1. Report yes if residue 38 is in a helix (DSSP H, G or I) and farther than 25 Å from residue 163 by Cβ, otherwise no.
2. Give region 211-243 a look and list any residue that's in a loop (DSSP other than H, G, I, E, B) and modelled with pLDDT under 85, or say none.
3. Within region 195-209, which residues are modelled with pLDDT of 85 or more and over 22 Å from the mean Cα position of the chain (by Cα)?
4. Does region 113-129 contain any residue that is under 20 Å from residue 99 (Cα atoms), touching a helix residue (DSSP H, G or I) at 6+ places or on another chain (Cβ under 9 Å) and part of a helix (DSSP H, G or I)?
5. Determine whether residue 185 is surrounded by 14 or more Cβ atoms within 10 Å (Cβ to Cβ) and under 29 Å from residue 269 (Cα atoms).
6. Taking region 112-154, which residues are under 12 Å from the mean Cα position of the chain (by Cα) and surrounded by fewer than 17 Cβ atoms within 10 Å (Cβ to Cβ)?
7. State whether the residues of region 209-218 include one that is buried (at least 20 other Cβ atoms within 10 Å of the Cβ) and outside the structural domain of residue 164 (by TED's automatic domain parsing).
């Protein structure tokens, strides 16, 4: 009985050590996220002159925090003329600041979170899998940034202008709560950034051998339909189909970019396998 118990404990040690390591790495990621959130939510930004050099510094400020500065930037650049922001609930400004702080904190702490997750999973990956992860980091960040900028410069202004025109035509005062405005802008930037990962997801599926490049090409109609379904899901649905169509067209173009990318990846993979066999 004692030998069986000892053997069972020995078998459980690796699993327990992996769980402990995962918990430690997740804790580091959450700590980095929390610290970044506190900085954006409770610290402001100013500059001081030291020896003729302008040095940026942070200082505690709940009323002029970094998140508040970003919210003011959104208000001045995204809020159309004729629309007024209202504070409907006492804590809406704090909620909006917290929402913005979380978005910024998540964006800043993602490299640390990914590094910790990579440190946990990399020992169990094959060499080609490690290369795959390294190759997709930059394109993933680039596509997410492109999607966020697309939402900021195209989707949000179109939506806001449509709301102003429509409410004015109805004889209604165009107003919007601060909480709704900030959450709408940040949410659209986030989900559109994720949606722009469309071609990267296709390339990854082809690289791991789950979907052939020709399959993407043959089923392009389904891909385009999927693009418009995604557009319908992430769209605020306030412009009578204008934004949905715009996003759908962009994602359809990205689908064909994914088809071309998958074809290139498949050719390189076949060539690499042939070279390996010849060796």
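1. yes
2. Of everything in region 211-243, those that are in a loop (DSSP other than H, G, I, E, B) and modelled with pLDDT under 85 turn out to be 235, 236, 237, 238, 239, 240, 241.
3. Once the filter is applied, which keeps residues that are modelled with pLDDT of 85 or more and over 22 Å from the mean Cα position of the chain (by Cα), region 195-209 yields only 206.
4. yes
5. no
6. If the condition is that a residue be under 12 Å from the mean Cα position of the chain (by Cα) and surrounded by fewer than 17 Cβ atoms within 10 Å (Cβ to Cβ), then 141, 142, 145, 146, 149 are the ones that fit.
7. yes
The values are calculated or read from the model by the stated rules, or taken from the named source; none is laboratory data. Not measured: the values here are computed from a predicted model. Methodologically, a virtual Cβ is constructed for each residue, glycine included, from the backbone with ideal geometry; neighbour enumeration extends over all protein chains shown.
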